[in-house]
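Novice: Shown below is the structure under consideration.
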Amino acid sequence: GDYAAAIRDLNASAAIWKADTATQTEALKYIAFSYCVTGRPGPCKQEFQKALRLDPAFDLAPGEQDHPLWGPVFDKAKKGH
């Protein structure tokens, strides 16, 4: 529930950003989720866009796609809006 700490800690983890693409996109997804649940759709979308640049095939899991906070933001990021 400490989304600010999640954003800070994930961004600050050198190990994540030196890891493989899958690890990096997963971290970006959780950073995006944290922004979305704290009412910041702009930064949320930016993190999803970063994940999509790293891996154009990146997608949310079926249970994540319909979430009312980040689902629509992810759709916009994926469509390039």
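Novice: Measuring from centroid to centroid over Cα atoms, what is the spacing of segment 1-39 and segment 49-81 in Å?
Specialist: Segment 1-39 and segment 49-81 have Cα centres spaced 15 Å from each other.
Novice: Carbon and sulfur together cover what percent of the accessible area of the chain at a 1.4 Å probe radius?
Specialist: Numbers: 2580 of 4710 Å².
Using a 1.4 Å probe with all protein chains present, the chain comes out at 55 percent carbon and sulfur.
Novice: OK, next. Helix-derived [θ] at 222 nm for the chain: sum -39500 (n - 2.57) over DSSP H runs of at least 4, divide by residue count, nearest 500?
Specialist: On the way: 6 runs with 59 residues, N = 81.
Mean residue ellipticity, 222 nm, calculated: -21500 deg cm²/dmol.
Novice: Moving on. I'd like the Karplus ³J(HN,Hα) series for segment 46-51: coefficients 6.51, -1.76, 1.60, θ = phi - 60°, whole numbers in Hz, and an x wherever there's a Gly or Pro.
Specialist: My calculation for segment 46-51 gives 4, 5, 4, 5, 4, 4 Hz in order.
Novice: Per residue, how much accessible area does the chain have with a 1.4 Å probe, in Å²? Numbers along the way, then the final one.
Specialist: Details: 4710 Å² over 81 residues.
Result: 58 Å² of accessible area for each residue.
Novice: Could you order peptides 32-38, 57-63 by the average number of other Cβ atoms within 10 Å of their residues, highest first?
Specialist: Values: 32-38: 21.4, 57-63: 11.7.
Final packing ranking: 32-38, 57-63.
The values are calculated or read from the model by the stated rules, or taken from the named source; none is laboratory data. Remember, it's a predicted structure, so these values are computed and weren't measured experimentally. So basically every Cβ, Gly included, is an ideal-geometry build from the backbone, and we count neighbours across all protein chains shown. Heads up: the accessible areas ignore ligands, DNA and RNA and are worked out on the full protein's heavy atoms, side chains in. Shrake-Rupley method; radii C 1.70, N 1.55, O 1.52, S 1.80 Å.
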